[in-house]
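Asks: Below: one structure in C-alpha cells.
The values are calculated or read from the model by the stated rules, or taken from the named source; none is laboratory data. Here the structure is a predicted model, which means the values were calculated and not measured. Cβ atoms come from the backbone with ideal geometry, glycine included; neighbour counts cover every protein chain shown. These accessible areas exclude ligands, DNA and RNA; they are computed on the full protein's heavy atoms, side chains included. Shrake-Rupley method; radii C 1.70, N 1.55, O 1.52, S 1.80 Å.
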Amino acid sequence: MSSTIRLRLNEILIEKQMSRRQLAKQASLRPNTVNDLCTQPIQRLHLSTLSALCDTLHVLMYNFQHIKQ
C-alpha cells in the first residue's frame, strides 16, 4: 500500500502572506515545483526540497505535512 503526502503549503503561504512565486525565489526552487506541490498530491519528495521549504517558511517538517494512507 502506498501513502500520499499532502503538504499544507497553500495554508502556510496564506498564513505567511507569501505568493508561490516569492516562495520559489526565496527557497531557490523552480516555480513549477512549488506550484505542483501546492496543487497535486505527491508520492515522493526530495528531502532537500522539503528542507528548503521549511527553512524559508520557518516551519517544522512535522507541522508541514499530512500523510494519507
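Asks: List the residues, sorted by chain then number, that are 5 or more residues from residue 8 or on another chain and whose placed amide H is less than 5 Å from its amide H.
Replies: When sequence neighbours closer than 5 places are left aside, the close amide H contacts are 65, 66.
Asks: If you don't mind, another one. On a 1.4 Å probe surface of the protein chains, which of 7, 60, 29 comes out largest in accessible area, and what is the full order?
Replies: Ranked from most to least accessible, the order is 60, 29, 7.
Asks: Using modelled backbone amide H atoms (1.01 Å from N, in-plane), which distant-in-sequence or interchain residues come within less than 5 Å of residue 29's amide H?
Replies: Correct list: empty.
Asks: Here's a follow-up. Per residue, how many Å² of accessible area does the chain show with a 1.4 Å probe?
Replies: Value for the chain: 73 Å² per residue.
Asks: Still on this model: At a 1.4 Å probe radius, carbon and sulfur cover how many percent of the accessible area of the chain?
Replies: Solvent-exposed carbon and sulfur of the chain make up 49 percent of the total.
Asks: State which stretch of the chain is the longest one without any exposed trypsin sites (Lys or Arg not before Pro), exposure meaning a DSSP loop state and at most 16 other Cβ atoms within 10 Å.
Replies: No qualifying site falls inside 9-43, the longest such stretch.
Asks: Can you tell me the dipole magnitude for the chain around its Cα centre, using point charges on the Cβ only (Lys, Arg +1; Asp, Glu -1), in Debye to the nearest 20?
Replies: 140 debye
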